[in-house]
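Colleague: Okay, here's the structure, questions in a sec.
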Amino acid sequence: MNTKLNPSHIILDLGIILYTFFGTHILIGFTESHLVAMFYIVALLHITALGFVLFDKVRSDNSSSLVGGDEKSWLGAVQGLIFILALGGSFWLIFPGVAISDIIGRELPGLGILIIGMIFAAWIILGIAMSGDGQGWKTPLQKILFENIFPALSVFLFFICAETLIIAVSNSGAVSIDDLGMGALMILISYLPLRLMLTTKPPIKNIDFFSVLVTVGILIYKMFI
């Protein structure tokens, strides 16, 4: 198994850890004052991140192995489940969406339509991406941008905004992230499938997976301890 680190993935994990410890104050004020706007920004960033991750994975692999998995790796054996969770991950938005509805005193406009639309959009993006499955990228610049920079950067931007939204909703008192581990659940549903999609891209790397575990562990520790 190839254990070579992917620099963009490790930088992504380090960036998220640093933001969690030192950067949440940057966006929290704006988020608390513009909860509805931030909710829709997070939804847009989520589908954008998913799009880049899908293009990255499909272009460097082939459509059959997206669900079938890499039989040489235990992590690859469960990538079909990870793939499905990533495509359906937008359901996590129900939690902050309902809380924001309570905060503003009215139903959040278009919440149900938004989530259903994101599911359809994910499948449309997948269909477009699969038109070039397994063919890679035509130029070295495309390879650097679409296999490394764009997927990692889009997941990073999505997560820092999603985490800030979760914290802002909790600070409002409408829902506590400590209740039944709600914050941990939202983190796991929203972030983990996207990040693992990058990790299960061949060749699968144990060290990359270890980096994911450390990052998620630190996120949950920082949020609840």
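The values are calculated or read from the model by the stated rules, or taken from the named source; none is laboratory data. None of these values were measured; they are calculated from a predicted model. Using ideal geometry, Cβ is built from the backbone for each residue, glycine included, and neighbour counts are taken over all protein chains shown. When the accessible area is computed, the model is the full protein with side chains, heavy atoms only, and any ligands, DNA or RNA have been set aside. Shrake-Rupley method; radii C 1.70, N 1.55, O 1.52, S 1.80 Å.
Colleague: Largest first, what is the accessible-area ranking of HIS46, HIS25 with a 1.4 Å probe?
Modeller: In descending accessible area the options line up as HIS25, HIS46.
Colleague: Quick one: if the Förster radius is 35 Å, what FRET efficiency do LYS138 and ILE28 give, using the C-beta to C-beta distance and rounding to 0.05?
Modeller: E(calc), rounded to 0.05, equals 0.25.
Colleague: Roughly how many nanometres apart are two label points built 7 Å out from the Cα toward the Cβ at ASP102 and ILE149?
Modeller: Here the modelled spin labels are 4.3 nm apart.
Colleague: For ARG59, ARG195, ARG106, what's the largest-to-smallest order of accessible area, 1.4 Å probe?
Modeller: Working: ARG59 50, ARG195 0, ARG106 135 Å².
These residues rank, largest area first, as ARG106, ARG59, ARG195.
Colleague: For TYR40 and ILE128 in the same chain, what is the full-extension length gain: residue separation times 0.36 nm, less their Cα-Cα distance, in nm?
Modeller: On the way: separation 88, 0.36 × 88 = 31.68 nm, distance 2.39 nm.
Difference between extended and current length: 29.3 nm.
Colleague: How far apart, in nanometres, would the label points at ILE94 and LEU157 be if each is projected 7 angstrom from Cα along the Cα-to-Cβ direction?
Modeller: It works out to 2.9 nm between the two label points.
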